[in-house]
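Here the structure is laid out as structure tokens; the discussion comes afterwards.
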Amino acid sequence: MSLPAPSHIVLAAPENPQQLFLLFHGVGDSAQGLAPLGEFIAAHFPQAAVISIDSPHFCDFAAGYQWYSIQGATEDDRHALVAEQMPRFIAMVQHWQQHFGVAPEATCLLGFSQGAFMSLQSTQQAVFLAGRVVALAGRFTQVPALPVHPVVIHLLHGDQDAVVPHHHSVAAAERLQALGGDATLNIIEGLGHGIDNDMAQAIIARLTSYVPKRIWDEAMRGAGA
């Protein structure tokens with residue numbers, strides 16, 4: 001069963017925001033689940049709009065919501081299930097960009113678990129959705145190709161995650177870096193399938209201090225000119 005339209009929580013909405021953070025929760029959860037993290041991000045980015053969004057379908061095994069059912073889903077099914085929902089995901093992101101007047105370059109998609117699956121796979125589409133993707137305890141559903149558009153992908157994962165093992169993030173970072181892409185990796189010691197203070201602090205550190213590879217490349221080309 002589907003909701004008429006996903007519910008959402010506006011965690012920050014300054015006038016004329018300079019950045020946009022869209023948060024996507026895991027299967028069986030709701031927008032409320034990522035609200036504390038969204039508030040933490042908003043405190044560090046006062047010029048940003050921060051929205052936590054419910055997935056569009058009622059979860060078929062818990063009280064929350066989902067992008068797609070994981071009941072009986074196989075490894076081969078997962079990519080097709082994500083692909084089926086991707087047009088709706090893209091439309092949702094573009095809706096909020098238009099609402100706030102924020103360009104893709106200034107948009108960050110942050111997803112946990114299933115929300116991270118959707119966010120990561122959005123980088124493999126023809127449309128340019130976001131300058132940054134923060135993937136928490138997630139993975140690509142297929143071996144990633146180099147994103148068509150310039151996007152920084154921050155992968156964060158607990159080393160004790162038994163739901164989505166952290167080796168998926170390690171492999172994704174290695175693959176993207178080998179292709180010349182822009183990806184960072186943080187493995188959080190002692191963390192299972194969740195978000196703790198160490199992960200939250202690592203997110204802020206990446207978002208506030210990491211210089212995108214394309215900017216370094218441009219600076220190096222300029223220095224050599």
Review point. Is there a residue in region 137-145 that is in contact with a strand residue (DSSP E or B) (Cβ under 7 Å, 6 or more places away or on another chain), under 22 Å from residue 37 (Cα atoms) and not polar (S, T, N, Q)?
Key: yes
**Study point:** Matching entry among 9, 51 (being out of contact with any Pro (no Cβ under 9 Å at 6 or more places or on another chain), over 19 Å from residue 103 (Cβ atoms) and part of a strand (DSSP E or B))
**Key:** 9
Review point. Of the conditions (1) in contact with a His (Cβ under 8 Å, 6 or more places away or on another chain); (2) more than 19 Å from residue 136 (Cα to Cα); (3) modelled with pLDDT of 95 or more, residue 3 fails just one. Which one is it?
Key: (3)
Exercise for review: Could you give me the residue pairs with C-beta distances under 7 Å whose first residue belongs to region 187-203 and is at pLDDT 95 or above, whose second residue is aromatic (Phe, Trp, Tyr) and not in a loop (DSSP other than H, G, I, E, B) wherever it lies, and which are 6+ apart or on separate chains?
Suggested key: 195/112; 200/40
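Do we find that residue 176 is surrounded by 15 or more Cβ atoms within 10 Å (Cβ to Cβ), more than 15 Å from the chain's Cα centre (by Cα) and in a loop (DSSP other than H, G, I, E, B) in this structure?
no
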Check your understanding: Which number in (1) in a loop (DSSP other than H, G, I, E, B); (2) closer than 21 Å to residue 29 by Cα marks the one condition that residue 133 misses?
Key -> (1)
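The values are calculated or read from the model by the stated rules, or taken from the named source; none is laboratory data. These numbers were taken from a predicted model, which means no experiment stands behind them. Heads up, the Cβs are rebuilt from the backbone with ideal geometry, glycines too, and the neighbour counts pull from every protein chain shown.
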